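Written out below as structure tokens is the structure these notes cover.
The values are calculated or read from the model by the stated rules, or taken from the named source; none is laboratory data. As the structure is a prediction and not an experimental result, all values here were calculated from the model. Glycine also receives a Cβ, built like all others from the backbone with ideal geometry; neighbour counts cover every protein chain displayed. Surface areas here come from the heavy atoms of the whole protein model, side chains and all, with no ligands, DNA or RNA. Shrake-Rupley method; radii C 1.70, N 1.55, O 1.52, S 1.80 Å.
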Amino acid sequence: MDYKAIAQQTAEQVLAYNQDLSGWKVIKSSKKVTVSSKTSRIFHGNLYRVEGIIPESAAHLADFLFKHDHRVSWDKSLKGFNVIHKIDSDTLICHTITQSFAMGSISPRDFIDLVHIKHYERNMDIISTKSVDFPGYAPTSTYIRGFNHPSGYVCSPLKENPAYSKLVIFVQTEMKGKLPASVIEKSMPSNLVSFFLNVKDGIKTYKIPPIRARHSSHSSVHKKKEGRSAIKP
């Protein structure tokens with residue numbers, strides 16, 4: 001599997017989502033965060049767009065979102081996050097495990113995602129995500145394996161104040177399992193607002209050096225898998 005090619009294609013897809021301003025319906029606006037959605041063209045579900053302002057530079061924000069250190073500490077939607085393979089300094093394969101949400105009606109999922117950061121003109125960065133298969137990480141009976149269709153973050157300087165950033169998040173997650181679409185559609189907007197606020201709070205707490213200044217090498221990191229348990233919806 002050509003992970004690098006898939007990563008490049010996914011970044012371009014996220015860029016296309018960001019440039020497409022038609023057909024979005026605002027479904028929630030809270031605490032200066034706006035959530036919009038439209039029907040996905042890829043699967044039977046929705047593509048969500050979440051946007052707001054982060055009081056940090058776009059470069060710092062992009063580095064923060066790409067770097068995996070402290071992820072579980074600030075991202076309250078996750079119970080586990082491990083980098084299982086490093087393709088290069090800009091491209092990773094990660095295993096994530098979500099918390100249950102919607103008052104427990106949606107049980108934890110796990111995902112194997114290809115994550116890539118790409119710099120564009122005008123100091124814009126895109127961190128893209130797409131689920132992939134990876135040797136040694138087949139689905140287990142512990143969690144339902146979800147699937148992220150092209151998703152990601154777009155970080156760009158705020159025009160009126162370049163020290164701040166406009167953050168746009170695209171989410172296109174197929175939960176799998178036997179969940180009614182209505183359960184997902186009802187719970188997703190509030191969860192996306194909460195995630196955006198987690199980013200805003202987390203970046204203030206965990207200051208990190210820029211990725212471009214850090215030395216990195218090709219490596220593979222494998223973590224111990226969790227025990228098995230019964231799967232819920």
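I'd like the full set of residues that are within 16 Å of the chain's Cα centre (by Cα) and under 23 Å from PHE196 (Cβ atoms), limited to the range 1-35. Hits for the range 1-35 are THR10, ALA11, GLN13, VAL14, LEU15, TYR17, ASN18, VAL35. In the range 138-152, the qualifying residues are those that are among the hydroxyl-bearing types (Ser, Thr, Tyr) and open to solvent by 20 Å² or more (accessible area, probe 1.4 Å), and the one that is farthest from HIS60 (Cα to Cα) is SER141.
Of the conditions (1) within 21 Å of SER194 (Cβ to Cβ); (2) modelled with pLDDT of 95 or more, HIS95 satisfies every one except a single condition; which number is it? Every listed condition holds for HIS95 apart from (1). Residues in the range 110-121 that are open to solvent by less than 10 Å² (accessible area, probe 1.4 Å) and either modelled with pLDDT under 95 or over 17 Å from TYR143 (Cβ atoms) (or both): 2 in all. Cβ separations smaller than 8 Å between residues 6+ apart or across chains give the following pairs from the range 1-19 residues that are at pLDDT below 95 to residues that are among the hydrophobic types (A, V, I, L, M, F, W, C): MET1/VAL132.
One residue stands out among those in the range 178-193 that are β-branched (Val, Ile, Thr) and within 14 Å of ILE27 (Cα to Cα): the one that is least open to solvent (accessible area, probe 1.4 Å), which is VAL193.
Of the residues making up the range 94-108, none is open to solvent by less than 40 Å² (accessible area, probe 1.4 Å) and either assigned to a helix (DSSP H, G or I) or farther than 22 Å from LYS176 by Cβ (or both). When the range 77-114 is filtered for residues that are under 22 Å from ASP201 (Cβ atoms), within 13 Å of the chain's Cα centre (by Cα) and not β-branched (Val, Ile, Thr), the ones remaining, listed by number, are SER77, LEU78, PHE81, CYS94. Within the range 119-150, being within 20 Å of ILE42 (Cβ to Cβ) and not in a loop (DSSP other than H, G, I, E, B) holds for ILE126, ILE127, SER128, THR129, LYS130, SER131, ILE144, ARG145, PHE147, ASN148.
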